[in-house]
Each structure stands twice: as C-alpha cells, then as structure tokens.
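Have a look at the structure below before the remarks.
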Amino acid sequence: MLVAFGVRLLLYHPVPLIFIILSSVGHGNAGITSTFIRSEWPSVDIPLDHEAFAIPKGHNAPQQVHITQGDYDGTAVIISWVTTDEPGNTKVQYGISKEKYDFTAEGTVTNYTFYNYKSGYIHHCLVDGLEYNKKYYYKLGVGDSSREFWFQTPPDIDPDASYTFGIIGDLGQTYNSLSTLEHYMQSGGQTVLYVGDLSYANRYEYNNNVGIRWDSWGRFIERSSAYQPWIWSAGNHEIEYMPRMGEVLPFKSYLHRFMTPHIASNSTSPLWYAVRRASAHIIVLSSYSPFVKYTLQWRWLNEELKRVDRLKTPWLIVLMHVPIYSSNQGHYMEGESMRAVFESWFVCSKVDFIFAGHVHAYERSYRISNIHYNVSSGDRYPVPDSSAPVYLTVGDGGNQEGLAGRFWDPQPDYSAFREASYGHSTLEIRNRTHAFYHWNRNDDGKKAQTDSVVFYNQYWASNLKRRRLRKSHCKL
C-alpha cells in the first residue's frame, strides 16, 4: 500500500480468474480490487507505415469501411467508406449470394477540412428493406479497385432472441488497441456497442496530424467494422475544439465520418438516439451535449423511455461516455451531473446495464442507486436497489494515454470488481431472463477472461405484481 498526498493507492499483482454470479439485488458490500499489473505493451501509437493501417491496393480503392444499424429495428444498415483520389462510385451493390449482387443502393458523398487537412471523399449509403437473420454480401467501388465484404442481419425483434454484443471504449490505435480488437474478433460478438473516444486523433493537434490519424483509425477498425455494425457514441476526444487552429465546431470530424440512425428514433441529433436489436433496446446518450431539464436530449430521453416495450425487447441498455459511478481517481465524479438528472429515470425504467468509457480501467458495480439524495437530507450514500442498473466502465480499449491505475481506497460498497488493465467485454443474451457477461483482460497480449457474471433481466426477474407496483409509481 502506498500513501501519496494523503490518498492510499493500490499496487497491482497477479490474481486468478474470477467467476461471480450476481442476482438482481446488490450485495451492499465492497467487492474485489484486482491486483494484476501489466509488464509489457507500452501505450504508444502504432507507426503509420504498420500493416494494421495498410491502404488497399488500386486506384481510388474504398477504404475505412464501417457499418452501423440504419433504422430502429435492424432491417437496415448504413455503409460508410472513403475514397481518396476522387468521389468515384457512390453505389453499394449487395445480395444474398457471394459475387452475385441483385440489388443496388445509392449513397451520398461529402468531405470536410480541418485546419490544413482536407479529408477524402466520405460516402454514406443506407441499405434498407433487409430480411432478418440473413447474410448479405456487398461490393464497393468498380473494376480492379472494388472490394467485397459481408454482414449478418440480426434475428427478429423477439424477447427470447439470443444475441452477443461486444463492448469497447477508448480504443485508440496503439499495440494495446490492436490486441483488444483482435481479441474481440475472436469472442463471437455480433455487434459492437462503442462507448466513445475513438481515434484519439485530437492528441495530434500540435503536429497537424489530426485528420491523418482519423484516416489510419478508419483503416485500423475495418477488419471488424466492415463486417458487423458498430453502434457509436461520442466522447470528449471527438469534440476537437481547437481555436488555436481556427477549429471551433464541436464533433466536426466525428459527425462527418460516422452516421447514426437518429431520425428513426425521433432524435434531433446524431449524438443521441436509440435502436432495437434482437431482444435489446439500446439507448445512446451524449455526455457532452446539454442534458438538463427541458433540453432537447432531456425531452428526447423522456419520450424514448416511454417507447420501450419490455415484452418485445426485455433487455434495456444505455450507452454513455462518462461513468455515473466510478471509484477510480481518474475523471472522478465527472458523471455526477448526469446522475442527478437521469438516475431516477434509469431506476424507474429498470434499466439493465449502463455502459460507459472515459476512465481507462475496468469496473463493475452492484445494483445501487442514490435517488433519495438531496442537499437537505442525510441520505448521501448509494444504497442497494434491486431496480437499479449495473454500471460498467469499459474505457480500457488501449489508447495512448495509458491506464488509470489509481482507485480510491477503501473500495466503496457499490463497487463489485475493478482492475486497471486493457480489455473488452461481451454481453451474451440467452433469452428474456438470462444473460452471460464477461470482461476479458488483455493479459500481456493474451486474452484472459477475468470477470464473469450471470445476470437476471430486470423486467422478467420481478413477478407480475411487483412490476405493476413499480410501474404505478414510475413517473417520467
């Protein structure tokens, strides 16, 4: 144990794999602080000439290919890519047989400048009217420069539809990032839930490589993102407010490069939106957009929570960048303002999971809430609450800023497991009642399943009488 500036800090040493079964009621006792410490893989960005950033061969060949869900219910995708020399062909050819493309969709093309950088030609194409649970092949570009990919549509919206989500945050483009991405691709995940801070290109402000590092990151993730949807949320590194360079429009690069289906969920901004996929209803919030009472995001979330139908999509998942609950000293309490505004809604709606990034470590909470706190009462501590979400911080993708290795000690009662290591999570939904959750550590470059939990669904775990009682007192 170290003491520095009056704060006790924890040192890390190897611990064995842990398996935990968690019911819908929090234990109310402090959990486990892992003492694992890494011994290699420094947090430095991969050089631009590395094969991980390889530029596809051929004149004007499509690159930086990524897809995301294109509608509310999973029967559409948005396919995005970049051409560097000229706009070229904006069409997507697609079909259900390899090299046999019976359908064509027409996309749009745009570009932008950022200080002295001019982007390539950024294409976005909505491919809709797809059938559930079917493999589609698609082709971009023409002639020798064309490229072919595929994706799988989700099963029908159904309470017992099984589906596996990956959760990644704060990825960046280091060797640790590559380890995380490669391990995720072996996990069986079908869609990535991304909790913000993508390329970390803004860290290149002072050598004018911001745009170049966005391009390299697009090529970096293509090995996964061209074949399965990544559900996007934005973090602080996407803001890119750089008045020294004359760049003052927030999220400029991010909004040009990454589309979201926000209109399908009646959102006024691509920074907050919702989708339904298999048996899950996924809500994406923006930690860096106004969210206090009467703002557009506040009004939208109020209405979106009313649209949730747990009989069709029993698993309710929220994504945001800044954690509401975290016992790490890094970015400590930065999510408190959003907690004060939305926590009572999350408890009232029986949200199952809230995934966040921002803190470069992993942490899982028990089911707790602090909804009775006010400045006049003495109820200032979180308490076990069977209706509350589990809060999971997965900001450990591997970026160049390194790990957030300082946790507050003693470990608070609401914290179930925490460790400062790189990794990713998977959420394997089995049916309407059960889901298997795993956090996988990059153990010096090797995948190590470290925190494993069986979760019971918040809606179906309660009996019908209790659900009706909760609903009758639930005011949004």
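The values are calculated or read from the model by the stated rules, or taken from the named source; none is laboratory data. Bear in mind that the values here come from a model prediction, so they are computed numbers and not experimental data. Note: ideal-geometry Cβ built from the backbone for every residue, glycine included; neighbour counts use all protein chains shown. The area values use the complete protein model at the heavy-atom level, side chains included, leaving out ligands, DNA and RNA. Shrake-Rupley method; radii C 1.70, N 1.55, O 1.52, S 1.80 Å.
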| remark: The correct count of residues that are open to solvent by 40 Å² or more (accessible area, probe 1.4 Å) and either closer than 22 Å to Leu392 by Cα or among the acidic types (Asp, Glu) (or both) in the range 273-297 is 1
| remark: (1) under 20 Å from the mean Cα position of the chain (by Cα); (2) open to solvent by 10 Å² or more (accessible area, probe 1.4 Å); (3) hydrophobic (A, V, I, L, M, F, W, C) all hold for Leu316 apart from (2)
| remark: Note: among Ser233, Ser253, Ser216, just one is at pLDDT 95 or above and within 14 Å of the chain's Cα centre (by Cα), namely Ser233
| remark: Within the range 214-239, the count of residues that are of a type in the set (A, V, I, L, M), outside any helix (DSSP H, G or I) and open to solvent by less than 20 Å² (accessible area, probe 1.4 Å) comes to 3
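Here's the yes/no breakdown for (1) touching a Ser or Thr at 6+ places or on another chain (Cβ under 9 Å); (2) of a type in the set (D, E, K, R):
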{"site": "Glu363", "(1), (2)": "yes, yes"}
{"site": "Ser376", "(1), (2)": "no, no"}
{"site": "Asp379", "(1), (2)": "no, yes"}
{"site": "Leu392", "(1), (2)": "yes, no"}
| note | Checked Tyr414, Tyr362 against criteria (aromatic (Phe, Trp, Tyr), in contact (Cβ under 8 Å) with a residue 12 or more places away in the chain and open to solvent by less than 20 Å² (accessible area, probe 1.4 Å)); the one match is Tyr362
| request: Tell me the strands (runs of 3 or more DSSP E) entirely within the range 145-213 that contain at least 1 residues that are small (Gly, Ala, Ser) and open to solvent by less than 30 Å² (accessible area, probe 1.4 Å). | output: 163-168
| message | Cβ-Cβ distance below 9 Å, separation of 6 or more or different chains: which pairs start in the range 51-62 with a residue that is more than 20 Å from Gly143 (Cβ to Cβ) and in contact (Cβ under 8 Å) with a residue 40 or more places away in the chain and end on one that is in a loop (DSSP other than H, G, I, E, B) and open to solvent by 50 Å² or more (accessible area, probe 1.4 Å)? | response | Phe53/Pro47
| remark: For the range 254-281, the count of residues that are without any contact (Cβ under 8 Å) to a residue 12 or more places away in the chain and hydrophobic (A, V, I, L, M, F, W, C) equals 1
| task | With the condition kept exactly as written, say whether any residue in the range 366-381 is out of contact with any helix residue (DSSP H, G or I) (no Cβ under 6 Å at 6 or more places or on another chain), surrounded by 21 or more Cβ atoms within 10 Å (Cβ to Cβ) and either in a strand (DSSP E or B) or among the aliphatic types (A, V, I, L, M) (or both). | result | yes
| request: Just need a number here: residues in the range 85-102 that are surrounded by fewer than 17 Cβ atoms within 10 Å (Cβ to Cβ) and of a type outside the set (Lys, Arg). | output: 8
| query | If the Cβ limit is 8 Å and pairs must be 6+ apart or interchain, which residue in the range 232-253 that is closer than 14 Å to Pro270 by Cβ and touching a residue at least 12 places away in the same chain (Cβ under 8 Å) pairs with which residue that is of a type in the set (Asp, Glu) and outside any helix (DSSP H, G or I)? | reply | Glu238/Asp197; Pro250/Glu240; Phe251/Glu240; Lys252/Glu240; Ser253/Glu240
| strands (runs of 3 or more DSSP E) wholly inside the range 1-100 that include at least 3 residues being of a type outside the set (Lys, Arg) and either under 28 Å from the mean Cα position of the chain (by Cα) or at pLDDT 95 or above (or both) | 18-21, 63-69, 77-83, 91-95
